[in-house]
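Below you'll find the structure, written out as structure tokens, and then a few comments.
The values are calculated or read from the model by the stated rules, or taken from the named source; none is laboratory data. The structure presented is a predicted model; accordingly, all values stated were derived computationally and were not measured. Using ideal geometry, Cβ is built from the backbone for each residue, glycine included, and neighbour counts are taken over all protein chains shown.
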Amino acid sequence: MRKYWHVITIGIQNTLVYRINFLFRSVFGLIPLMATIYLWKAVYASRDSAEGVAGYTYASMVSYYLLVTLVDMLTAVNEDDWQIAADIRDGNINHFLIKPIDYLSYRLCLFLAGRMIYTLVALAPVGLFVLLHREYLAWPPDLATLAIFLVATCLTGLLQFFMSFTMALLAFWVLEVSTFIFILFAFEYIAGGHLFPLDILPPAVAQALTYTPFPYQLFFPVSIYLGRTAGAALWQGIFIQIFWVAAFYVLARVVWSRGIRKYTAVGG
């Protein structure tokens, strides 16, 4: 395991080079969030003050988007899929095929290192934004809920990584994977709860989505924190989330194995 710890150390050093990029990305990422908050403010201003939207008051709706920003900061995959596809396309994986190192574990270590640095850099602007809206930020009902939220957030990060890793492995068969990555991103953005809370959808649609992997990429941990998913629904959701993490891990292994059989290394 020491070699993977070394990979994390190297990844942290390499990622620190882009700390200014991370800072600007996190700052400008707050602009759509501000626009969304003002949009919902206008929606609630046009309604009865006592009337909510699917059980969300204005305060809880703002709290939802603040939490979405925090969870996304901790778990989002940024450019890892593009780098994996480039490694395959440019032949950079040749170095890993003759060394005692697992490529999936290697990329996972780099992902963790990148998330650590990005979170530390983005903590200042995002933390300041949350502080300015602290009156709307809800607290979890109890410590047990907070603990389950943290577990679900870790699973969310793993799910996002394994899905992106598997999608990037399509580079073994196609020259350009950008179309597939953008399609996956579109589904994640809409069906993952980034654009709006999924439980404001018609019940049949919301229920159907719970059996797909997308709500567990963002919406599920946030709904746990807010106390909107509890009891039997909470444990069912945790079970489904673990299932999807395991399923995409196995799928990533299978696709990698099939891709390596097709892969041809050229050069010395």
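Taking the criterion of being at pLDDT 85 or above, of a type in the set (Phe, Trp, Tyr) and in contact with a Gly (Cβ under 9 Å, 6 or more places away or on another chain), would at least one residue in segment 24-47 satisfy it?
Within segment 24-47, none of the residues are at pLDDT 85 or above, of a type in the set (Phe, Trp, Tyr) and in contact with a Gly (Cβ under 9 Å, 6 or more places away or on another chain).
Going by the conditions given, is ILE20 out of contact with any Lys or Arg (no Cβ under 9 Å at 6 or more places or on another chain), within 29 Å of LEU137 (Cβ to Cβ), exposed (fewer than 11 other Cβ atoms within 10 Å of the Cβ) and at pLDDT 80 or above? Working first, answer last.
Values: out of contact with any Lys or Arg (no Cβ under 9 Å at 6 or more places or on another chain): yes; within 29 Å of LEU137 (Cβ to Cβ): yes; exposed (fewer than 11 other Cβ atoms within 10 Å of the Cβ): yes; at pLDDT 80 or above: no.
Considered against the rule, which asks whether it is out of contact with any Lys or Arg (no Cβ under 9 Å at 6 or more places or on another chain), within 29 Å of LEU137 (Cβ to Cβ), exposed (fewer than 11 other Cβ atoms within 10 Å of the Cβ) and at pLDDT 80 or above, ILE20 comes out as no.
Looking at ILE8, is it closer than 23 Å to LEU158 by Cβ and either at pLDDT 80 or above or out of contact with any Phe, Trp or Tyr (no Cβ under 6 Å at 6 or more places or on another chain) (or both)?
So ILE8 passes the test.
One line per residue, one yes/no per condition, for (1) surrounded by fewer than 18 Cβ atoms within 10 Å (Cβ to Cβ); (2) under 27 Å from ARG134 (Cα atoms); (3) without any contact (Cβ under 8 Å) to a residue 24 or more places away in the chain:
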residue: VAL43; (1), (2), (3): yes, yes, yes
residue: ALA59; (1), (2), (3): yes, yes, no
residue: LEU66; (1), (2), (3): no, yes, no
residue: LEU110; (1), (2), (3): no, no, no
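Which number in (1) more than 15 Å from the chain's Cα centre (by Cα); (2) more than 21 Å from PRO215 (Cβ to Cβ); (3) at pLDDT 85 or above marks the one condition that LEU108 misses?
(1)
State all residues of segment 124-141 that are among the aliphatic types (A, V, I, L, M) and surrounded by 14 or more Cβ atoms within 10 Å (Cβ to Cβ); if no residue qualifies, say none. Working first, answer last.
Within segment 124-141, the first condition is being among the aliphatic types (A, V, I, L, M), and the residues that meet it are 124, 126, 128, 130-132, 137-138.
Passing the criteria: VAL126, VAL130, LEU137, ALA138.
Residue by residue, here is whether (1) surrounded by 14 or more Cβ atoms within 10 Å (Cβ to Cβ); (2) aromatic (Phe, Trp, Tyr); (3) closer than 20 Å to PHE24 by Cβ holds:
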position: ALA76; (1), (2), (3): yes, no, yes
position: ASP87; (1), (2), (3): yes, no, no
position: PHE96; (1), (2), (3): yes, yes, no
position: SER105; (1), (2), (3): no, no, no
position: MET116; (1), (2), (3): yes, no, yes
position: ALA122; (1), (2), (3): yes, no, yes
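Filter segment 113-139 down to the residues that are free of Cβ contacts under 8 Å to residues at least 12 places away in the same chain and in a loop (DSSP other than H, G, I, E, B) and list them by number.
ARG134, TRP139
What are the pairs, 6+ residues apart or on separate chains, where a residue within segment 140-160 that is in contact (Cβ under 8 Å) with a residue 40 or more places away in the chain has its Cβ under 7 Å from a residue that is in a helix (DSSP H, G or I) and surrounded by fewer than 15 Cβ atoms within 10 Å (Cβ to Cβ)?
PRO140/LEU146
List pairs: first residue in segment 80-97 and free of Cβ contacts under 8 Å to residues at least 12 places away in the same chain, second residue in a helix (DSSP H, G or I) anywhere in the structure, Cβ distance under 6 angstrom, at least six positions apart or on different chains.
Partner pairs satisfying both residue conditions: PHE96/TYR103.
I'm checking my understanding of the structure. Among residues of segment 49-100 that are within 20 Å of THR15 (Cβ to Cβ) and not in a helix (DSSP H, G or I), which one is nearest to the chain's Cα centre (by Cα)?
ALA76
LEU123: in contact with a Ser or Thr (Cβ under 9 Å, 6 or more places away or on another chain) and hydrophobic (A, V, I, L, M, F, W, C), yes or no?
Yes: the conditions hold for LEU123.
Out of the residues in segment 256-268 that are not aromatic (Phe, Trp, Tyr) and not in a helix (DSSP H, G or I), which is modelled with the highest pLDDT?
THR264
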